[in-house]
Each structure stands twice: as structure tokens, then as C-alpha cells.
Amino acid sequence: MKRSSILLYLFFVAVTSVFAQPRISSNTKTFDFGQVQWKQPVTASYVITNTGNKPLVMTNVTTSCACSVADWTKSPIAPGKTGDIRVVFDAKALGHFNKSVGIYSNAKNSLVYLNFIGEVCTKITDFSKANPFVIDKIFMSTNRLDFPDVHLGDKVKYVFTVVNNSDYPYEPQLMQLPPYITMVKEPNTLMVGKRGTVTLTLDSKKLRNYGLEEANVYLSRFPGDKVCESNKIPVSVIVLPKAKEMNTAHPPVIGFSEKKIDVSSDLVQKKKIKKSIYVLNSGKSPLKIKRLQIFNPAISVDLKKTTIYPGQATKMNIEVKQMTKDNNVGELKILIITNDPAHAKVEIQINR
């Protein structure tokens, strides 16, 4: 039996263990908006972590009222990794509110509930809970703009809120906005003490590559403002293949002989370590590696094949160098984009 076939068999034994299961946890059970401006939609964001040892799939997210709209990470979340859930509340009814969010998944507890609470007011006196991030006297509901799983060709919206806590009218503006993102603000000018929304639309057709795309935008705080570290807002986009390119009837299934690589003890004695792992296809159609991306100059990768046929495997050679001041930049991981509909985005973690 070929070595790749043996590894494939061992992989099947490992993943079919009865003890393997996903587990779902959230960074908060109850999201507190605090005071919310009447008729100004707000977004509750939950960070979902898979604390199990099998990919977590959130199949549906529901809310307790028709006034809430939910979006969530629909691709599988690998063990130890995170996804997100965003719930938009329209704030059309005055008074206190307490709403629930139901999460359906393949975890042992197939349905779990989260909550969001707050008070809809005609005038806000407390901005801190719903808008905890402050750039000078501008309060914001977020300090980074993440588009985690965008299929090429899709248009995706990201909504966040801005509160003017300065002493003069303020017009929200993001400087150095990348060409694939457009911005709409409502209202155009915020009077003192007022709250508005900023809607960003990502047009993935304007992105050239699969994988991670990063940029920085800068919040303009006053007319003639300049870019600097204090008003910087990071932007990240992960682009996946088009949904129609995925074979869901007879999909490929990616697997690895190892997904967590620890070379920390070996690098104590050597300047660099070479490690080989195998990429496997246990599915029913060819597996295509669309992009392989590294983020640290201390890591280099050589993948022997980018198309892997059913039942076959290919070798990935990884070289990791000792940490120096020149290569101590960037995450120690390998990002792989594939045509596997259940694992379009896969990460290999490296510990050195």
C-alpha cells in the first residue's frame, strides 16, 4: 500500500472517532446596547469560538422578533477558531428591550440562545455601551472592519454606528477607502450628541485574489484631518471561490496528516527546520488548492500539487526559521483556499 494511502486511512480513523465533536461558545451571553437612538439601527456582534475538536457549522440563526436581521459565519469553524454573528436591531419602538438569538449548529447542544438588551430613547445620554470605541470625541460601535468569508462576486454590507460627542457638527468620513469598498452615511451630518450609521458595501468582483486582503482606513475627525496611527481602522477581507464553482453534490473533502505544527523544541538547536505533511482528498471529486498564503517571512512552503484527485494525497514541505528581529512580523500560519464547500478556508498553525 502506498504511503499516501496509509496516511489517508490513518486520517479516516482519527476523524471518525466517536469522541470528536464541535462545541460552541460565545464571548458574551448578553450583548448590552445601553441607550439606543430611536429609529437608528444598531448591530450586536458576537464572537463564536469552536472549543471542540471537530469543525463547527452554524446552520441557522434566528431572532425573537421580526425587527431583527441576523448574519453569521456560514463556513465551518475549525477547532480553536472563531466565527461571528451579527444581529441588526431596527430600534423602531421606544423603551427597554430584551431579545433572544437562537443558534442552530452541529454541536452537541444543537440549539443555544444568546440575548441582546438595551433601551431605545429619543435622546441618548450614555454612548459608552453601544459605542465603546473612541477616536478623539467620536464614539464608534467597532474599531475594525472584518469581512470574514466572502465568495468571489458577492456584495457584502457592513453597518456600524457613529456618535458625535464633540462640540460642533460632524460629517463622518473614512479616508483612504480601498476601491472595492463604498461608503454611505445616514445622516450626512451629525449634530452634537447625535448618532448615525455608516454602511460599507464590499464589491468582491474588484478583488483579484483569493485569500486574505488587508488594508487600513482612517476616520476623519474634522475637515482637513490627516491619516495617523490614532485614527487608523484595520480592514480585512477573506475571499473564497464563487459558490457556483463548488461541487456540493459530489464534493471534495480536504484533510491533513497534521494541522498543528510544533517546531519550538527543534529550533533551539537548529536555525531552521524542515517539516513535511500530507494534504488529502477523501471526497468524490478533484480537490483544487486555489491559493496558499503565508504571513511571516520565517515560513516558506512548497506544495507538490494543486489538484488532488479522490483518494489521493500530495506532500507539502514547510520550512521554519528561527525568530529574528527581521522575521518577527506576521502570524505563524498557512492559509489555504480550496474548492471544498465545507472547508473553503483552512488554516495550518505553526508554533516555533
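Please name all residue pairs, on different chains or six or more residues apart, with Cβ atoms under 6 Å, provided the first residue is in segment 227-250 and is touching a residue at least 12 places away in the same chain (Cβ under 8 Å) and the second residue is of a type in the set (Phe, Trp, Tyr) and surrounded by 10 or more Cβ atoms within 10 Å (Cβ to Cβ).
The qualifying pairs are VAL227/TYR218; ASN231/TYR218; LYS232/TYR218; VAL237/PHE147; VAL239/TYR210.
Consider only pairs whose beta carbons are under 9 Å apart and that are at least six residues apart or on different chains; among these, list those whose first residue lies in segment 156-182 and is farther than 12 Å from VAL217 by Cβ and surrounded by 17 or more Cβ atoms within 10 Å (Cβ to Cβ) and whose second residue is among the aromatic types (Phe, Trp, Tyr) and at pLDDT 90 or above.
That search, which allows pairs on different chains as well, returns VAL156/PHE147; THR161/PHE139; VAL162/PHE139; VAL162/TYR170; VAL163/PHE139; ASN164/PHE139; ASN164/TYR170; ASN165/PHE139.
Go through segment 311-332 residue by residue and tally those that are basic (Lys, Arg) and either at pLDDT 90 or above or touching a helix residue (DSSP H, G or I) at 6+ places or on another chain (Cβ under 7 Å) (or both).
Residues meeting the conditions: 1.
Could you go through segment 30-40 and let me know if any residue there is over 24 Å from ASP146 (Cβ atoms), small (Gly, Ala, Ser) and more than 23 Å from the chain's Cα centre (by Cα).
No: segment 30-40 contains no residue that is over 24 Å from ASP146 (Cβ atoms), small (Gly, Ala, Ser) and more than 23 Å from the chain's Cα centre (by Cα).
Where residues in segment 77-102 are surrounded by 14 or more Cβ atoms within 10 Å (Cβ to Cβ) and of a type in the set (Lys, Arg), which of them is modelled with the highest pLDDT?
To start, the set of residues in segment 77-102 that are surrounded by 14 or more Cβ atoms within 10 Å (Cβ to Cβ) comprises 77-91, 97, 99-102.
If we keep only those that are of a type in the set (Lys, Arg) as well, we get 81, 86, 99.
Working: LYS81: 87, ARG86: 89, LYS99: 92.
Selected residue: LYS99.
Just to be sure, is SER100 assigned to a strand (DSSP E or B), closer than 17 Å to ASP146 by Cβ and hydroxyl-bearing (Ser, Thr, Tyr)?
Judged against the criteria, SER100 is not a match.
Checking GLY311 against (1) outside any strand (DSSP E or B); (2) of a type outside the set (A, V, I, L, M); (3) touching a residue at least 60 places away in the same chain (Cβ under 8 Å); (4) crowded, with 18+ Cβ neighbours inside 10 Å, which single condition isn't satisfied?
Failed condition: (4).
Restricting attention to segment 207-223, which residues are of a type in the set (D, E, K, R) and not in a loop (DSSP other than H, G, I, E, B)?
Once the filter is applied, which keeps residues that are of a type in the set (D, E, K, R) and not in a loop (DSSP other than H, G, I, E, B), segment 207-223 yields GLU213, GLU214.
Within segment 239-288, restricting attention to residues that are surrounded by fewer than 21 Cβ atoms within 10 Å (Cβ to Cβ) and touching a Gly at 6+ places or on another chain (Cβ under 7 Å), which residue is modelled with the lowest pLDDT?
The qualifying residue modelled with the lowest pLDDT is LYS242.
The values are calculated or read from the model by the stated rules, or taken from the named source; none is laboratory data. For clarity, every value in this text was computed on a predicted model and none was experimentally measured. Cβ sites come from the backbone with ideal geometry, for glycine too, and all protein chains shown count toward neighbours.
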